[in-house]
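See below for the structure under consideration.
The values are calculated or read from the model by the stated rules, or taken from the named source; none is laboratory data. Note that the coordinates shown come from a computational prediction; the quantities given were computed from them, not determined experimentally. Positions of Cβ are generated from backbone atoms using ideal geometry, with glycine treated the same way; all protein chains shown enter the neighbour counts. Accessible surface areas use protein heavy atoms only, side chains included; no ligands, DNA or RNA. Shrake-Rupley method; radii C 1.70, N 1.55, O 1.52, S 1.80 Å.
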Amino acid sequence: GIKIISWKVMKEIECCFRIKKDLLNLCRLKENISGYCKKAFCPLVQRDYAFVEKQQGKIYLYTKKMQNNLRIHWSKYLLSENFIKALEQLEVILNRWPKYFLHFNKTKLTILYDNIVSRKKRQEEGKLYIDLNKKKYHFSI
């Protein structure tokens, strides 16, 4: 079908998202859930695809479903700010998808939540540092 032809074309031409590093073909397309340039992970050629992404401090799951070989339907799900609940949401939404979608999206979700927690900690430390400086400045007057 269309998917196979598209992948053959993608393999033969030089995809602008493909990076060759050592013996690996990597993909820098942000929607690619694994980072590898492989048919199963290519959002450009897969009829159905799912990936998580952070936008403006919130994490969303996007799903793509091909309908009637011509029309693509995208869905966007806001995931919970609670990490455990967000994992459960992924499991419910992706329960009929191939297992690698769930695995790689859970991995990406973990990384995104870790980044959010780290940023919050840095902000809190920064506020504490600013507050200490203000107090220090205040006492030196």
Worksheet item: Any idea how far apart Arg122 and Arg28 come out in nm if each label point goes 7 Å out from Cα toward Cβ?
Response: 2.2 nm
Item to complete: Report the full-extension gain for the segment Cys16 to His103: residue separation times 0.36 nm, less the Cα-Cα distance, to one decimal in nm.
Response: 28.7 nm
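Compare the peptides 24-37, 68-81, 88-101 by average per-residue count of other Cβ atoms within 10 angstrom and give them in order, highest first.
Packing order, densest peptide first, comes out as 24-37, 88-101, 68-81.
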Item to complete: Please express the Cα-Cα pair-distance distribution P(r) of the chain as a list of whole percents, one per 10 Å bin, running from 0 to the bin with the greatest distance.
Response: 10, 31, 27, 16, 8, 6, 2, 0
Worksheet item: So what does Val52 come to for accessible area, using a 1.4 Å probe and Å² rounded to 10?
Response: 0 Å²
Response to the item:
To the nearest 10 degrees, the tilt of helix 99-140 (Cα long axis) against the first principal axis of the alpha carbons of the chain is 20 degrees
Fill in: Share of Cα-Cα pairs in the stretch 60-115 lying beyond 20 Å, as whole percent
25 percent
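Rolling a 1.4 Å sphere over the protein heavy atoms, what is the accessible area per residue of the chain, to the nearest Å²?
Spelled out: the 1.4 Å probe surface of the chain, per residue, equals 74 Å².
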Fill in: Anchor Lys76: aspartates and glutamates whose Cα lies under 17 Å away (excluding residues fewer than 8 positions away in-chain)
Glu31, Asp48, Glu53, Glu88, Glu91
